[in-house]
1. Any chance the range A:411-426 includes a residue that's free of Cβ contacts under 8 Å to residues at least 60 places away in the same chain and farther than 30 Å from A:Asn195 by Cβ?
2. Of all residues in the range A:31-41, how many are open to solvent by 20 Å² or more (accessible area, probe 1.4 Å) and either of a type in the set (Val, Ile, Thr) or at the interface with chain B (Cβ under 7 Å from one of its Cβ atoms) (or both)?
3. Tell me which residues, restricted to the range A:247-279, are at the interface with chain B (Cβ under 9 Å from one of its Cβ atoms), within 19 Å of the chain's Cα centre (by Cα) and either on the phi > 0 side of the Ramachandran plot or part of a helix (DSSP H, G or I) (or both).
4. Among B:Leu53, B:Leu23, which is surrounded by fewer than 22 Cβ atoms within 10 Å (Cβ to Cβ), more than 30 Å from A:Glu128 (Cα to Cα) and either under 26 Å from the mean Cα position of the chain (by Cα) or in contact (Cβ under 8 Å) with a residue 40 or more places away in the chain (or both)?
5. Which condition from (1) more than 30 Å from A:Pro422 (Cα to Cα); (2) open to solvent by 10 Å² or more (accessible area, probe 1.4 Å); (3) away from every other protein chain (no Cβ under 14 Å) is the one that A:Glu541 breaks?
6. Determine if the range A:595-605 includes at least one residue that is buried (at least 19 other Cβ atoms within 10 Å of the Cβ) and at pLDDT below 95.
7. Test B:Pro613 against the criterion of being open to solvent by 10 Å² or more (accessible area, probe 1.4 Å) and in a loop (DSSP other than H, G, I, E, B), and give yes or no.
8. All but one of (1) within 14 Å of chain A (Cβ to nearest Cβ); (2) open to solvent by 10 Å² or more (accessible area, probe 1.4 Å) hold for B:Leu546; state the number of the condition that does not hold.
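The values are calculated or read from the model by the stated rules, or taken from the named source; none is laboratory data. Please read all numbers here as calculations on a predicted model, not as lab measurements. Here the Cβ is made from the backbone with ideal geometry for all residues, glycine too, and neighbour counts use every protein chain on show. We work out accessible area using only protein heavy atoms, side chains counted, and drop any ligands, DNA or RNA first. Shrake-Rupley method; radii C 1.70, N 1.55, O 1.52, S 1.80 Å.
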There are 2 protein chains.
Amino acid sequence: MNNSPHDALLSWFLGPQAENADLFERLITEALRDHVFWRRNYHPEDGITIRELDKRSAGYEEAVATLTQELMGLLAELKRDVPFFSGRYLGHMAYQQTIASQVGYFAAMLYNPNNVSPEAAPVTTRLEQEVAQQMAEMVGYRRDEAWGHLTSGGTVANFEALWIARNVLYLPVAVVGAAQSLGLDLEVRLPDGSNADIGQLDLSQLLNIANRDVLDLWERSWQVAPREDMARALAQHSLATAGYQDYGRRLAAEYGDALPDSVVLVAATAHYSWEKIVRALGIGSNQLIYVPVDGNYRMDPEALWDRLKALHARRTPVLACISVCGTTEESAVDRLDLVLEVRARAGQELGMTFHLHSDACYGGYAASVIRGPDGVRRTGQEIRDALGEDWPSDEWVRSMVALADADSISIDPHKLGYIPYPAGAILLKDRRARELVAVDPPYLAPAGQAEGTEQEYLGRFIFEGSKPGAAAAAVWLSHKVLPLDESGYGYLIGRTVVGARQLYRALARHDFAPFRIILLPEPDINIVCYLLHHPLLESLEAVNALNEGVYQVMSVSAKADPEYIITRTRFQTPMYDRAVDPLLEQLGVATPAEWTAAGKEGLVVLRSTVMDPFLADPPPGPDHISGFLDALADAGAVSLARLIGSSPV
Amino acid sequence: MNNSPHDALLSWFLGPQAENADLFERLITEALRDHVFWRRNYHPEDGITIRELDKRSAGYEEAVATLTQELMGLLAELKRDVPFFSGRYLGHMAYQQTIASQVGYFAAMLYNPNNVSPEAAPVTTRLEQEVAQQMAEMVGYRRDEAWGHLTSGGTVANFEALWIARNVLYLPVAVVGAAQSLGLDLEVRLPDGSNADIGQLDLSQLLNIANRDVLDLWERSWQVAPREDMARALAQHSLATAGYQDYGRRLAAEYGDALPDSVVLVAATAHYSWEKIVRALGIGSNQLIYVPVDGNYRMDPEALWDRLKALHARRTPVLACISVCGTTEESAVDRLDLVLEVRARAGQELGMTFHLHSDACYGGYAASVIRGPDGVRRTGQEIRDALGEDWPSDEWVRSMVALADADSISIDPHKLGYIPYPAGAILLKDRRARELVAVDPPYLAPAGQAEGTEQEYLGRFIFEGSKPGAAAAAVWLSHKVLPLDESGYGYLIGRTVVGARQLYRALARHDFAPFRIILLPEPDINIVCYLLHHPLLESLEAVNALNEGVYQVMSVSAKADPEYIITRTRFQTPMYDRAVDPLLEQLGVATPAEWTAAGKEGLVVLRSTVMDPFLADPPPGPDHISGFLDALADAGAVSLARLIGSSPV
């Protein structure tokens, strides 16, 4: 692209003052009329069902009056919604959506395709597969090996990843059972690189085989026995069929030892939905093990190694390890490259391996920053030069490049993709794994279509059924206008990072006296976290009350209409043990031990997600950074006054 | 309403020939401009970010050109989508959506509210609760006791129902553990109506306590111990914490007998997603037990009783029984009133009970047919008189009234609610059950808002996280325009049933010679199933090939543009054993035993869902019933010719 990407950026959104309203309305009207005339061109000989004369009836007019009136009511209600579109909103990961995604959604919504199957959505199921491939390529997966699809959001994507991981984990056990019943010999590769006869392995070894090796084994098993026999035998010996209760008994009976329950390791900063997911899957929250994070809120590779050694000593299988690419609270990006090194070391030294999932729901689209339009990786230096910013570090780039080696990745277009809800996605490095969760719907059976084509089978492999094809059209059109590289999403996200870092530096520089601001480390992407302190406050409780008060002044849940809007989170024990120490030290009101004792009260931290790519722009645009600093100082004063008024400290 | 509801109906949809295009475009434009001026009225002093001059830059113009060009490409692609809007589409449960829902979706989508929390969606989270209450009232739940929310679709709704049911099932075990550790005595009501000290009950008794009695026990348990102690003790003894593997061992150790694994009973006609759900939850598909259906494809209450007796003899706990209100294949409505009688009898005679879930994803909105605008139940006779049709039967009405006694109900606005995807819903009869799946997100913690208000807590109790507030607005506006009673949805659905029955009678009357048509029984709602037979065909395989060929001629997956569009399903063993016998008898080419032996090949059945409320209209509207009969006869001839050409029978 020869022209400035910034000029293009100016066309990508409706705009804070709806500056692109004409463009938006033109495209919406175009899409609507195009649909209208599509209907009129479909068998015009059918004649008119709703005649002009009908429209003059009292019943019709009354119904139209009701519709119009109620819509006016809805529009009036919606005016109390949150102004995500404005640079004054510095709260959750919410902003405007790209015009392309909104228009794409609307255009396809008129057709209401259901992406459960090509029969109900011949066009948008194809678009869904295209966008999944685009995302797979963005993260470095091989197009011919990977697979993915859209979900309603990150929770379902993460749920599917863990569901699939469980099926992969226990598959070797099923293959052993099937091989025994069919009288077959099969070999498998172990994490240390050696090969072994599966019949000779103990349970612990069977539950420590790498993803790809499990799937290779699975593929070979189909080649050595009649298809139907193998299908039946594998089903008989699979966890999905037996269920956990029975399977546990069988393992204990057959292997003389069911081993401790398999566990899921997550970065301590992982999203709260992981707890829901392990509970629902029947894994149990006791088996969700938090790996401590370092001072940058990234999974600590040393701590991971220690955990693995301890688990190995107890012979506990690891179902999966969840690394985070863009934490919900801090936008921290785990050093996935180092996590992968730990896994390789565990394979070599402990004979231990596991499914590695990257929860990139938040940060996944930032992988576009390191891609050139030709798909070639950009170096950290090239990106820093282009952005004029000391971001990203070479380590950050390596973390993103390492995504290519994760077994699965969840990534939400409706977060950093600036796409309307609902649009999550799950990507698998090795497409074969999807077969392990396949179920055939009788009324969508693919007979009659070309066997083996990609499109026909989509619905078999996904958890959800009916789902909007419009979401696929939204993502697809947005990717067309903003490619997943430095010219499109990479530029957009790069600008928000520049804005976030300007905000960070402004907060660090600003004199908040009599308040003091305490900042978390510079964010890995675009979430700036901070808290205010005041010399009068001498307890953790008081500091929390101050910041909670600031949040209330600056939040949409307050009855007032705040000048600037932020949000807040609460760092809690045990997840934030250690990571929180530097903050506590700067506060000087509580020791780490006192913080731990505070339990769920934890530490209230203020939080500003910068999604606005215009925040970093120089005037004549609005200077929201200065405005925000003033608003924060004012909110601190108001909160303190309330605090002292209500309960003197 | 004094005016004819049919006049109102004419305004509810864009129309087969987009007759209401002016109305639709006016409302869309209104919503769009309203949003535009909302932005412009928010801090106009911020000035302009995207200036007119910027819009003249080459980069901006190039980007707009790309957007416009790609949108044109998308619109061209979409023309190959399925014409759901036409009376010629008689396939899946897909039609036009109400104008109200489309406009409501679009209007709210511009704001992109995220219904994960009121902080990210102050308006639409409230609308979501309103529509859930409206649906709860429609099915006869008590507004002050029930609770519900929207989901991405039926799969997630059903999944949540079973997840909650499992937590309710094992709760008494957790209470026993907690009571022991805290030294408490608690009583509980048993299914036969007697009371017992929970410490005296064996495991089988603990797993056979009615939903409400479990929740009463749970509520009382909080009253007899300090809150934190009870929370900790319950968590320690709950399945959600321990996970299935550990829990199974504990039950065996503590009760000397872990009992057989708890099972899930489903009507044999249940949706294929139930198999996915039990696999994912770790229950295992072996524990999914099909209850045979009768000749009307409804769960056979006698068969259910027999299953329960057999399970009781083996001391197997029943986690849940899934009754269907509107099967996906046939729109069959289980006699839920009789299922409830069986459950009551099991409680009295066997001391056995279970969570009863109605999968009303498809048929739930048909409950609006039996409601007057005042909320009063209409009798079968009143409805039949109003429709001029011998539908619904009094038994059907009783089945729908019985929904009020189901413990949970899933119901999809995006099916018979004529709402765009994604819009599913889950309703709980007893709102307390939602507490059993609650998880607190740290960054959405409700502090700072009025404690205990309904709105603040929504996100705690649901599986999904981020989700479109636009879906709530769509359902809300549609319910405003089409109330959930005989004047709104009841009328709409009533008319589609009249159309379906006219189609059914026309098929039965029509002379298809040399073909013969074999019809399933008259549908309970609006799906007509049938198959063609020809004297030359002498095997099940040949009949299947004929009907598969008809489907291919009349389906959108064919390359041709068919005059009429249908779909098909495949009845398979063991689910359809017995139910299929009358069809086999009429075909005369295979005995039930031969059908069973055919396995997955099963019996191909053609299927037409009537969603078009205008199908039943007299001329001058198009006569799609006649047109369809001709198209079906032609397709039969084409399919037979291909069949004989390719492999003589």
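1. no
2. Taking the range A:31-41 first, the residues open to solvent by 20 Å² or more (accessible area, probe 1.4 Å) are A:33-34, A:37-38, A:40-41.
Okay, now just the ones that are also either of a type in the set (Val, Ile, Thr) or at the interface with chain B (Cβ under 7 Å from one of its Cβ atoms) (or both), so A:34, A:38, A:40.
Counting residues in the range A:31-41 that are open to solvent by 20 Å² or more (accessible area, probe 1.4 Å) and either of a type in the set (Val, Ile, Thr) or at the interface with chain B (Cβ under 7 Å from one of its Cβ atoms) (or both) gives 3.
3. A:Ser273, A:Glu275, A:Lys276, A:Ile277, A:Val278
4. B:Leu23 is the lone residue from the list that is surrounded by fewer than 22 Cβ atoms within 10 Å (Cβ to Cβ), more than 30 Å from A:Glu128 (Cα to Cα) and either under 26 Å from the mean Cα position of the chain (by Cα) or in contact (Cβ under 8 Å) with a residue 40 or more places away in the chain (or both).
5. (3)
6. Quick first cut of the range A:595-605, residues buried (at least 19 other Cβ atoms within 10 Å of the Cβ) only: A:595, A:602-605.
Checking which are at pLDDT below 95 leaves us with A:595, A:602.
The answer is yes, given that some residue of the range A:595-605 is buried (at least 19 other Cβ atoms within 10 Å of the Cβ) and at pLDDT below 95.
7. Values: open to solvent by 10 Å² or more (accessible area, probe 1.4 Å): no; in a loop (DSSP other than H, G, I, E, B): yes.
Judged against the criteria, B:Pro613 is not a match.
8. The single condition B:Leu546 does not satisfy is (2).
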